[in-house]
1. Tell me which residues come under 5 Å, amide H to amide H, from Ala46 once H is placed; ignore anything under 5 positions away on its chain.
2. List, largest first, the extents of the alpha carbons of the range 346-393 along their principal axes, each in whole Å.
3. Grab the beta carbon distance between Ser562 and Arg490, set R0 = 22 Å, and tell me the FRET efficiency rounded to 0.05.
4. Order of Asp228, Asp655 from fewest to most other C-beta atoms within 10 Å?
5. Would you mind pulling out the separation of the Cα centroids of the range 266-341 and the range 173-193, in Å?
6. Hey, how much of the P(r) for the range 208-388 falls beyond 24 Å, as a percent of Cα pairs?
7. At a 10 Å Cβ-Cβ cut-off, how would you order His147, His169, His91, fewest neighbours first?
8. Which lysines does Lys374 reach when only Cα atoms under 17 Å apart count, and residues fewer than 8 places away in its own chain are ignored?
Amino acid sequence: MTVIQFRKRPPVGSGTTTSSSGSSPFGTAAANGEGAFVAPPPGVCAVGIDLGTTNSVVSVYTPGEPEPETLLYDDLQLVPSLLYFDEHLGHEVVGAKAAKVLSEKPATVIRGTKRSMGSIAPSFFSNEQAYSPEDAATYVLKHLASHPVLVQQKELHGGIWAVITVPAHFDDAARRATIQAAARAGIYVLRIVNEPTAAALAYSMLPDVRHTDHETVGVFDFGGGTFDVSLVERQGLVFNVLSSEGDIFLGGDDIDIALADKLLQKVEPVFTAKRTRHDSPLFKKLVTIAEDAKIALEGRGSFSISKSDLDGNGGGVSLNTTVLRDELESVAEPFVGRTLELTERAMHAAKRRAHQVSRILLVGGSTRLSIVRKMLESYFPQSQIDARLEPDLAVSWGAAVQAAIILGIEPDTILVDVCSHSLGIGVADDPNTINQNYKKVARKFGVLHPASDVDLEQILGERIHDFNTELQNTLRVAPIIHRNSPLPARRSEFFNTLYQNQIAVQVVVVQGEQQTVGENRLIGSFLFELEQPCPKGARCEIQLTYDANGMVHVLAKQLETSNEAEAQFDSRTGEVIGWRKLGAQSLDESFHGALSGTGSFSNSLGGSDSNGAEINFDRPDAIPVLNTLIARARRFLTKSLDDTPNRELVASLLDSYEKLLAEAKLGAANDIEIDFVEARLISTLDSADHRAELNADHGAENKAEPHE
């Protein structure tokens, strides 16, 4: 396999990790190598936080107690994960107080932000105030940290240390965003733990199973916004997660929306119902009504609805109907069917059959639906459907147990989790494929001639993102760490450079199971400078690591040299926030101006033929377009003597090549001429390099031994 050429140069410091803020992206709240972790002092409480889509829960583990204690907020164990900006108070309102507003003004209350964690764009609004998912999580966590028990911890020990849970299929960006939100809320994160894994720990606290020697359990976590299922093998108090599947866009909220769509058909007047959109205040009100109906139908066969003035402006919009449980189950059926598909995939990945699973542990409020339990009883006829723990509390209990394990309070329990996504890098099989794909995409976007990065941005404008995305789709992914590998996981693969005299490699890291870069989650990319000169086929080792939090670290090595570098990304943006050169010297300063760029890797793929890809640089002394072929030819002319074979031919071809590129930049349709001259120039330079190698070998053979 071969590594694609580079595009963007990361921040270069004096050999130490750098970031845009001058410190770790997680401040002092990050653990496990992600930043300057503050070690918890003796005596701190083991705190577990379930930061949920619908509700959040905090539990504290105390040694000797039969179960963790769940903290009460406004006399409730469940804190609604809702955010509302109160115009009169001039600040944000969270939890139960925001829930009171939800029934009256649902359009002004922010909810369901967890599904978007990892996105930094302010995509949620309350009374004209904009919030990102990370902002919303920060306010919820600040509210949770205001509990007197936790305030006392902060006063006694200088901080709050907690394990925070996330859906098993949260990617790197979402996990980092969760840690960042905790840091902003003043919480030190001991570890990020997958929700199904935490639930398995909680169920292990039950007296009748605590001393079980061996069992395989399935954790079925169907919450308000996300779904996860994990197969966990337990030997005493040693837990090994065998497999994990899930969908962060599958939960009880989807059933509410589908039921609201059904209720919308019964809204009067009909013309109002037909023009109602999902983002309208009327529909959001219907969603809250649907949620109430779903909860009520858990315990009875029908639910009557009689609501007037649904639009809130006296327009006479009303809803008078009765919802039957059969109707709810009909609406829920496709979503429950999707959970079964994912469960079957988890079983296949764990290499287990239904009869080998002793218990199915129910977690999440949506498991209360009778249709869910019927489905599980049918698929696992010999397994115990275990719902002895409150499904909304099990995850926070398990998180508290995990915190106790980390703090040494519960030293006998061992947890081995797995990564939920494969991790790999973008590669190309040959230069010809790269160049053909670049030309194809460029022509589709109306770029008919070679262009520098700056020119591309000027030509494409806002379409540059679409251009880059489409070009990424042409690169395939070489997986390095496969999904369901035990955490922490570290693995290396070896790759070859593509071009003669290649000076750098851009390492593009992605997370996911699809075959191309564009179909997966882009973690980020960084420039790995190679020692000069670097022949085609030089070997590089790329090492990827999933840490215990399920987050990503990258190390690159050039074999047979001391050249190494590692990078750290803000995977929410793909920005290189930390970069460290571990060995060898940086590229010669004469190249530094040529390595700048806008950050999209696709422009590195150039527009040349199979013998060398054009890399577009922006440097002040560039005549029309500067690429690696021009740099290579100029370097040959600088180093060669006047009587060097082919020197005049290289000079002539280079002059023609630069003129043709300049004409193409002005709009000339001269692709055929460019390709012809480019091929001759590359062939001539390759021949000169080969002759130089032969001369060097011949000189070594004839070298006389020195006299004593």
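Each value in this text was obtained by applying a stated rule to the coordinates, not by laboratory testing. Just so it is clear, the structure is predicted and the values come from calculations on it, not from any experiment. Positions of Cβ are backbone-derived with ideal geometry, glycine not excepted, and every protein chain shown enters the neighbour counts.
1. Tyr61
2. 29, 19, 16
3. Numbers: r = 21 Å, r/R0 = 0.94.
Efficiency, from the Cβ-Cβ distance: 0.60.
4. Numbers: Asp228 31, Asp655 12.
Listed from fewest to most nearby Cβ atoms, that is Asp655, Asp228.
5. Distance between centres, Cα-based: 36 Å.
6. 46
7. Ascending Cβ contact count within 10 Å gives the list His91, His147, His169.
8. Lys294
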